[in-house]
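> A single structure is presented below for examination.
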Amino acid sequence: MIVGAGLAGWSAAVALRALDAAVPITLVTACDGDVYSKPELSVAFGRGQSPGALVRESGAAAAARLGVRLLPETFAVGLSAARHRLRTTRGTLPYASLILAQGARPAIPPGLPPELCWRINDLRAWTGLHRALARGPRHVAIVGAGMVGCELAEDLARAGHRVTLLGAAPLPLQPLLPDPAARRLRAGLESLGVGFQGDATVEAVSRDADGRLRLRLRDGTTIGADQVISAVGLATPSRLARGAGLAFDRGIVVDPATLRTSAADVYALGDCVSIGGAPCRFVEPIARQAEAIAHAVLGRPHAGYAHAEPVIRLKTRAAPVVIHGAPL
């Protein structure tokens, strides 16, 4: 049984099916299970893409192709690892092996009310923002100048929107970048019309009588915007794992070779895992993680997953950035 139908969940299904054509696979997902590339969400506005154009394969078609029982719009609400039972909104489901591919959710800083800001981490949220911006150029404030914030800022600017990018540090993508590289990135974004404001902490967001949003910063200044995006980082949902007694340290703790959690027959991969006390939220390792888990689940010999620091390639064409050996 697999929980989650993002890249990690479908990669696990593909890896299992490549080794065994008959093993029963059930995939439980809170969404419809459609297959798409999450990294494309931060470049799709500039390309003029629609939500439908981002879907590579429907969940139903992918399930039929792989021989998977897909349970869409189904939430995992409880786990008994000792009894090998997963409680869902469709009832309690038994499993022989469980693979958690829940991903991570965008964090919300205290000053940003969730109902007034977008968090672009899946196709459903991106579709909502696409609909909100469909009436023409808007002013978008992005809170957080990390990788996602910088990519979205460039993408929206290329699509014709006015963008204000607010970073907690003096320069974008700090501390990952040294100052000269961060200044070059800022200059590249500003050349597209992005307004960058560093050392900016949002203390409150409210809606004016005319429907526009107003952000109040710690220094007392205010910024008006039509839409607000929170891009301050990710957090792994902990309720299911902690409720089942799984070891948790900024993510679900897994064995670095087998990706097994602290419970027998329960594995995890992708954005939700923690290896050596650090979350692993990058696309590149997922296929290798899925392969290691598939071999472990099916009892096949395998050298195991070998974790390495990833290479980060920022999708900012105005100032391309590649970070080798990026810290997790």
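> Regarding the range 41-64, can at least one residue be identified that is basic (Lys, Arg) and assigned to a helix (DSSP H, G or I)? Walk me through it before giving the result.
Going residue by residue through the range 41-64, those that are basic (Lys, Arg) are 47, 56.
With assigned to a helix (DSSP H, G or I) added as a condition, the list becomes none.
No, that holds for no residue.
> Looking at Arg87, is it within 16 Å of the chain's Cα centre (by Cα) and either without any contact (Cβ under 8 Å) to a residue 24 or more places away in the chain or within 30 Å of Arg218 (Cβ to Cβ) (or both)?
Judged against the criteria, Arg87 is not a match.
> Which condition number in (1) at pLDDT 95 or above; (2) of a type outside the set (A, V, I, L, M, F, W, C); (3) outside any strand (DSSP E or B) is the one that Thr92 fails?
Here Thr92 meets the rest and fails (3).
> I've got another one for you. I want to confirm something. Restricting to the range 12-40 and keeping residues that are assigned to a loop (DSSP other than H, G, I, E, B) and β-branched (Val, Ile, Thr), which single residue is nearest to Arg281 (Cα to Cα)?
Ranking the qualifying residues of the range 12-40, first place goes to Thr29.
> Just name the residue that is nearest to Phe196 (Cα to Cα) out of those in the range 170-183 that are hydrophobic (A, V, I, L, M, F, W, C) and open to solvent by 30 Å² or more (accessible area, probe 1.4 Å).
Ranking the qualifying residues of the range 170-183, first place goes to Ala181.
> Please determine whether any residue of the range 211-226 is open to solvent by 60 Å² or more (accessible area, probe 1.4 Å), more than 16 Å from Leu314 (Cα to Cα), of a type in the set (Val, Ile, Thr) and assigned to a strand (DSSP E or B).
So far as the range 211-226 goes, yes, one or more of its residues are open to solvent by 60 Å² or more (accessible area, probe 1.4 Å), more than 16 Å from Leu314 (Cα to Cα), of a type in the set (Val, Ile, Thr) and assigned to a strand (DSSP E or B).
> Also: Among the numbered conditions (1) of a type in the set (D, E, K, R); (2) in contact with a Lys or Arg (Cβ under 7 Å, 6 or more places away or on another chain); (3) surrounded by 15 or more Cβ atoms within 10 Å (Cβ to Cβ), tell me where Glu203 comes up short.
(3)
> Could you grab me the full set of residues in the range 227-237 that are part of a strand (DSSP E or B) and at pLDDT below 95? Working first, answer last.
Within the range 227-237, the subset part of a strand (DSSP E or B) is 227-230, 234-235.
Listed by number, the residues that qualify are Leu234, Ala235.
> For the range 72-84, give me each residue that is surrounded by fewer than 16 Cβ atoms within 10 Å (Cβ to Cβ), within 16 Å of Ala244 (Cα to Cα) and not hydroxyl-bearing (Ser, Thr, Tyr).
Passing the criteria: Phe75, Val77, Gly78, Ala82, Arg83.
> In the set Arg313, Arg300, Arg288, which member is in a loop (DSSP other than H, G, I, E, B), of a type outside the set (Ser, Thr, Tyr) and open to solvent by 10 Å² or more (accessible area, probe 1.4 Å)?
Result of the check over Arg313, Arg300, Arg288: Arg300.
> In addition: I'd like to know if the range 248-260 contains one or more residues that are among the hydroxyl-bearing types (Ser, Thr, Tyr) and open to solvent by 60 Å² or more (accessible area, probe 1.4 Å).
No - not one qualifying residue is present in the range 248-260.
> If Gln227 satisfies every condition in (1) closer than 25 Å to Leu298 by Cα; (2) out of contact with any Asp or Glu (no Cβ under 6 Å at 6 or more places or on another chain) but one, which is the exception?
Unmet condition: (1).
> Can you spot a residue in the range 23-33 that is closer than 18 Å to Ala294 by Cβ and of a type in the set (Ser, Thr, Tyr)?
Checked the range 23-33: at least one residue is closer than 18 Å to Ala294 by Cβ and of a type in the set (Ser, Thr, Tyr).
> While we're here: Taking the range 27-40 only, how many residues are at pLDDT below 95 and open to solvent by less than 30 Å² (accessible area, probe 1.4 Å)?
Looking only at that region, the number is 1.
> A follow-up question, please. Please pick out the residue among Ala263, Ala247, Ala231 that is more than 26 Å from Gly304 (Cβ to Cβ) and not basic (Lys, Arg). Walk me through how you get there before you give the answer.
Details: Ala263 fails: more than 26 Å from Gly304 (Cβ to Cβ); Ala247 fails: more than 26 Å from Gly304 (Cβ to Cβ).
Just one listed residue meets the conditions, Ala231.
> Taking the condition among the hydroxyl-bearing types (Ser, Thr, Tyr), out of contact with any Asp or Glu (no Cβ under 9 Å at 6 or more places or on another chain) and within 30 Å of Gly160 (Cα to Cα), does Thr201 pass?
Considered against the rule, which asks whether it is among the hydroxyl-bearing types (Ser, Thr, Tyr), out of contact with any Asp or Glu (no Cβ under 9 Å at 6 or more places or on another chain) and within 30 Å of Gly160 (Cα to Cα), Thr201 comes out as no.
The values are calculated or read from the model by the stated rules, or taken from the named source; none is laboratory data. Note that this is a predicted model, so its numbers are computed, not measured. Cβ atoms come from the backbone with ideal geometry, glycine included; neighbour counts cover every protein chain shown. The area values use the complete protein model at the heavy-atom level, side chains included, leaving out ligands, DNA and RNA. Shrake-Rupley method; radii C 1.70, N 1.55, O 1.52, S 1.80 Å.
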